[in-house]
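Remarks on the structure that follows.
Bear in mind these aren't lab numbers, they're just calculated from the coordinates by the rules spelled out. Predicted, not measured: the structure shown is a model, and the values here were computed from it. So basically every Cβ, Gly included, is an ideal-geometry build from the backbone, and we count neighbours across all protein chains shown.
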């Protein structure tokens, strides 16, 4: 199982690296279904905020929801199908707990290039930076 998880994580990281240098909509090969099988937590945020499937490595989502995690990262797929076995990778979402956020810029998230505060939308006291043009 550990080999499978490491293999999937390696594929995801390769996909992310490729997605940042190529057309993100062309990066495929892994999907939410694969990550769920490997122990990740995949979910769909409320569609009016972001309709795409997000996947968090084991423990990351729970740490954010509880407020215990200092930081976390989610992988975002350009699909609304949580059971997709292959889907384009949009990029990542990096989160940092509000008490650790110091106003740093987010150079990978147009149009504002700033971290967004998650509390008003989700009740999580974290700031988020996307590696893709986020919908909000």
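Points to keep in mind about this one:
- Exposure proxy order (Cβ contacts within 10 Å, fewest to most) of 85, 93: 85, 93
- Sorted ascending by nearby beta carbons within 10 Å, beginning with the fewest, 126, 101 become 101, 126.
- Using 0.36 nm per residue and subtracting the Cα-Cα separation, the extra length available between residue 36 and residue 86 on full extension is 16.8 nm.
- Label zone at residue 98, where the point sits 7 Å out along the Cα-to-Cβ direction: the stretch 54-73 residues whose backbone N lies under 18 Å: 63-72
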